[in-house]
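Read the structure below first, then the notes.
Here, each number is a calculation from the coordinates, and none is a lab measurement. Quick caveat, the model's predicted, so the values are computed rather than measured. Cβ placement follows ideal geometry from the backbone for every residue including glycine, while neighbour counts extend to all protein chains displayed.
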Amino acid sequence: MKNILLLCGIALLFASCEKPVSDAHFYDSGISSELAQYRRQQVSDIHYNLSFEIPAEKSEQINSHLLLEVEISDLSHPLILDFHEEASHLLSLNVNGKDTKIDHRDQHLVIAKELLVKGPNSIEIEFIAGELSLNRNESFLYTLLVPDRASTLFPCFDQPNLKANYSLTITAPKDWKVLAGAPEIASEENGEFATHRFAKSDLMSTYLFSFVAGEFEEAKSASDFPQTMLYRETNPEKIEASITELFILHQKAKEFLEEYTAYPFPFQKLDFATIPIFQYGGMEHVGAIQYRESSLFLDENATDSELLSRAKLIGHETAHMWFGDLVTMNWFEDVWMKEVFANFMAGKLVNPTYPEINHELSFLTNHYPSAYGEDRTKGTNPIRQKLANLKDAGSLYGSIIYDKAPIMMRQLETAMGKEAFQKGIRKYIKTYANGNADWNALVRILDENTPIDLQQWSEVWVNQSGRPILSDKIELANDGTISSFVITQNAEDGSDKVWPQLFDITFFYEDESKTFSVAMKDKTLDLKEAIGKQNPSAILYNSNGLGYGVFPLDQVSLANIHLLSDEVMRGQSYINLYENTLSGNIQPILAFETFQKGIIAEQNEILARLISGELNNIFWNYLTQEQRKQVLPALENQLWDQLQKDLPTNLKKTIFSLYSGIAYSQTGYDRLYTVWKKEIEIKDLKLNPDNFTSLAMTLALYGHPKADEILLEERTRISNPDKLDRFDFLFPALSQNETDRDSLFESFREPTNREKESWVLSACGYIHHPLRQASAIKHLPLALALLEDIQKTGDIFFPKRWISATAGQYSSPEAAKIVSGFLKSNTDYNPILKNKILQATDDLMRVQAIRH
């Protein structure tokens, strides 16, 4: 009995000494993981009743009101709401019927626990809406709140694992359309304004809350599942060719995903809006997807690649309804999960819609070059990254998430088998519907359907960065047959990482070929199937395009790449050539000549676009100025001759895009001028008004003697007001006067001048183009210095794209010195932003190594 009492006493002692939850990081700027974890336990049953009064004038404030209904189970700490705005924007606070003093601390609204009760609570706030992520224009606005920007608009619990319902009321000018995440249930006019009331929304995370309001046109589908879209496009040909198809693409994507996941469409509606200046391709807001308008509105002459890209974008955003919106990551370190599934599913659902397209080739060209583009750099990162504070979540996005992760997932599906993989995904969706999950939760479910040790498998693929460099060692017997064939993989960063992966190797002989399937699990592999085979005339590694890394390349076989009959083999060969060139194994001029031969011979538009991009980058970044002058006349003439041949429209558009991107000689820009002036018409080259505007800007960039006259005339051709505003914004960047260009770039010091991010990036592209770098290099220190502020004020992709459009276009030793000097003099620089600089300037630094 004494022992029992003693044990009870010890237990009570430990219980009384249990360490309470620390609030040391609760009041940090942003949302710390500690605060998020505590609030996950503290609150539930969240309902935001929001109203916003949008004035007719952009300069006027937006008066707003929030009634927050929330269940509280823990009162050991205050209730902390996030509001990343000045305290002056908070006008009044009422907690459970009692007016109270506002306590705003470093991006947080703190409500004393004495004012709260366990159980239901009611918190009422009058406030002025924050505008950091409320993209206001003269005639429209739209919210974009990913990943932590909801708190810049209204007070909330801005973390993905506190899902809530929303009841929204919007008052706006009466001729404005309004779109939100739930159906509109009532509207009433009051003088020059109208009030729109929306039903209670489905459960969603704060970053998925949205609304769009403004002068938009409206279209509705006629299907059994009605859809509404808002748009501002005015080109009648694009409108005629696009609207019906957009509804069909969304409907097909929905049906495919319902079947694949065995889970019905999870929300009340599937509406969308197209926005001219939208920062991304699209954003998966529940019930109200937002798209960049130019990505969706295509004319009847759109290429197969453009149509496929649009279909995949729609598939991507629709897939998010299940992967991200219905099942949401617990914390943003797993943001890659929603993106990998969206990209992965987009590829799957597009296949039946475009049976004439080689989808294995499409996957290869869409994901591998972009993934390598970050993974080869010193600024690469794992697919899954640690995140201490949500304020840094925007920096997690990039090609590793969007492109390497789908490659990883395809390797996993191939290793598991498609049926076992789909079975696991269906259980994952059903188990975590309307909730949150992390990568480990998915791994546990997939583990039930495969003998593979997924924890070990994902350690290198998901939790570590980089890629393997593969090499071979082949020994021959006296009779010329293979006696030993050993493949070795080494991590590019010198570590001992080993990537378990599958790929094919093809041996070529004079009259036949032989393919071997490789399952590489260790650092080395003995290809025993090759022993006794005749030594082939050529070997193609990763011939099915499934493997990931830099593979051995036979320099002698470069001349025959364009002769490969298999499209995936050609695509993999060109990608591997490009990677070997950047690794220093192939001289840039030799790669350029191979791509030049390839673009003339290629008949597949997807491959033509791949070769075109690789050729363009080698031309501008890796050839010296003297080499460019030497190869340009022949390249211009070859491409121009191709345009005169009887080729498909898709191919001609790709070739013309490449030609207009390099034809800066007098002969080249004179030809472009005759096209822009419509003095000649190239057969089967269908150019729309946007193409002519782009061509006018290119002529100005190339310094055409009539540049000013060209721009002024082109301005008279533009009827769409949004496109006219963009043209006027870019006009100084195209000026032949260096002072005009300098003034525009200097103006980007002010955040208000950087609000239309896609316009700013286009301007930087012109100002820092290789042909303008002698005058623009003086701006590189400013471009680097502004990066921290750009991260604070811009959207998630802006920091990387800013550096890519500025420092990332250079190849000179002087520019490399400026970038290196900046990094050396800022030893305590934000490591995430440092990685963005290293990623964006990888070409710049590789050029220096290759040339020396």
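Assorted remarks:
- Pairs spanning more than 18 Å between alpha-carbon atoms, out of 252/430; 645/686; 378/497; 238/269; 800/834; 338/386: 252/430; 238/269.
- Cα gyration tensor shape for the range 568-644, rounded if a/c is under 1.5, else prolate or oblate: oblate
- In nm, spacing of pseudo-spin labels at residue 418 and residue 509 (7 Å Cα→C-beta vector): 3.2
- You can think of it this way: the chain between residue 189 and residue 40 has 49.6 nm of extra reach, that is 0.36 nm per residue less the Cα-Cα gap.
- FRET efficiency for the pair residue 775 and residue 241, taken as 1/(1 + (r/R0)^6) with r the Cβ-Cβ distance and R0 = 45 Å, rounds to 0.65.
- Of every Cα-Cα pair in the range 271-461, the percent that sits beyond 27 Å: 29
- Taking all pairs of distinct alpha-carbon atoms in the range 541-677, Kirkwood radius in angstrom: 15.5
- Per residue, the convex hull volume that the Cα atoms of the range 26-171 enclose (Å³): 102
- Placing a pseudo-label 7 Å from each Cα along the Cα-to-Cβ vector at residue 94 and residue 174 gives an inter-label distance of 3.0 nm.
- Relative contact order [Cα under 8 Å, 6+ residues apart], the range 748-852, whole percent: 29
- Across the chain, C-alpha contacts under 8 Å between residues 6 or more apart give a mean separation that, scaled by the residue count, equals a relative contact order of 8 percent.
- Dividing the helix sum by the residues of the chain, where each DSSP H run of 4 or more adds -39500 (n - 2.57), gives a mean residue ellipticity at 222 nm of -12500 deg cm²/dmol.
- Note on the range 299-400: Cα convex hull, mean projected area over all directions, 7.9 nm².
- Label zone at residue 829 (point 7 Å along Cα-to-Cβ), backbone N below 12 Å, the range 758-784: 781-784
- Extension gain, residue 471 back to residue 268 (0.36 nm per residue minus Cα-Cα distance, nm): 67.7 nm
- The packing ranking of peptides 130-143, 680-693, 571-584, highest mean first, is 571-584, 130-143, 680-693, where packing means the average number of other beta carbon atoms within 10 angstrom of each residue.
- Here the range 769-789 is scanned for amide nitrogen atoms under 20 Å from the site 7 Å beyond the Cα of residue 627 along Cα-to-Cβ, giving 769-774.
- Pairwise Cα separations in the range 440-531 fall into 5 Å bins from 0 onward with the following percentages, short to long: 3, 11, 18, 19, 15, 13, 10, 6, 4, 1, 0, 0.
- Ordering of 243-249, 148-154, 751-757 by packing is 148-154, 243-249, 751-757, highest average first (other Cβ atoms within 10 Å, averaged per residue).
- Residues in the range 127-171 reached by a label modelled at residue 752 [backbone nitrogen below 17 Å; 7 Å Cα→Cβ]: 130-139
- With the convex hull of the Cα atoms taken as the outline of the chain, the averaged projected area works out to 42.2 nm².
- FRET E, pair residue 440, residue 600, Förster distance 60 Å, beta-carbon r, rounded to 0.05: 0.75
- Using R0 = 30 Å, the C-beta based FRET efficiency linking residue 87 and residue 113 works out to 0.90.
- Largest first, the three principal axis extents of the alpha carbons in the range 685-751 are 39, 28, 19 Å in whole numbers.
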